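Worksheet for the structure shown next.
The values are calculated or read from the model by the stated rules, or taken from the named source; none is laboratory data. Note that the coordinates shown come from a computational prediction; the quantities given were computed from them, not determined experimentally. Cβ sites come from the backbone with ideal geometry, for glycine too, and all protein chains shown count toward neighbours. Side chains included, ligands, DNA and RNA excluded: accessible areas come from the protein's heavy atoms. Shrake-Rupley method; radii C 1.70, N 1.55, O 1.52, S 1.80 Å.
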Amino acid sequence: MEDVKKPQTKKDGRPTRLYAKGAFVTFRRSNANQRNRCAILQIEGVNNKEDTEFYLGKRVAYIYKAKKAKRKPYSAVKKDQPQTSRYRVIWGKVQRAHGNNGLVRSAFKSNLPPRALGGAVRIMLYPSRI
């Protein structure tokens, strides 16, 4: 029989991360205007324009914590105790490089709020372009 591979785990038992860390740096802007529909992100470990090629088209998630818990739509398993979560996600997509220093432009389904500036985003490693 063939050996079945276990999922890779770190030394402390946690599974490996399936996303790249990033930060929301700013909105695309000029001296006079700011374009809220286009967010500029810095991806960890990406320092030049050539490195951004891999991330083009990848999905981006901005995860934040809301005041009130919201019922999850797929949690109709137990009617008496619906599953709720205070975490919400705004999804986006990496569109193109921005400049020569490894920044990327991305568009989100709904514009990111101003309080997200400097906050963490997750760049998912899908969809694959290989």
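Of note:
- If only residues of the range 17-32 that are open to solvent by less than 90 Å² (accessible area, probe 1.4 Å) and polar (S, T, N, Q) are counted, the one that is nearest to LEU117 (Cα to Cα) is THR26.
- Residue match in the range 81-97 (condition: surrounded by fewer than 12 Cβ atoms within 10 Å (Cβ to Cβ), in contact with a Phe, Trp or Tyr (Cβ under 9 Å, 6 or more places away or on another chain), free of Cβ contacts under 8 Å to residues at least 24 places away in the same chain and not polar (S, T, N, Q)): no
- Close pairs (8 angstrom Cβ cut-off, 6 or more residues apart or separate chains): touching a residue at least 60 places away in the same chain (Cβ under 8 Å) in the range 109-130, open to solvent by less than 80 Å² (accessible area, probe 1.4 Å) and in a loop (DSSP other than H, G, I, E, B) anywhere: ILE123/LYS58; MET124/LYS58; LEU125/LYS58; TYR126/LYS58; PRO127/GLY57; PRO127/LYS58; ARG129/LEU56; ARG129/GLY57
- Count - residues of the range 14-64 that are in a loop (DSSP other than H, G, I, E, B) and within 18 Å of ALA107 (Cα to Cα): 5
- Answer residue from the range 33-75, given it is small (Gly, Ala, Ser) and modelled with pLDDT of 95 or more and is surrounded by the most Cβ atoms within 10 Å (Cβ to Cβ) among those: ALA39
- Residues of the range 104-130 that turn out to be open to solvent by less than 40 Å² (accessible area, probe 1.4 Å) and part of a strand (DSSP E or B), as a count: 7
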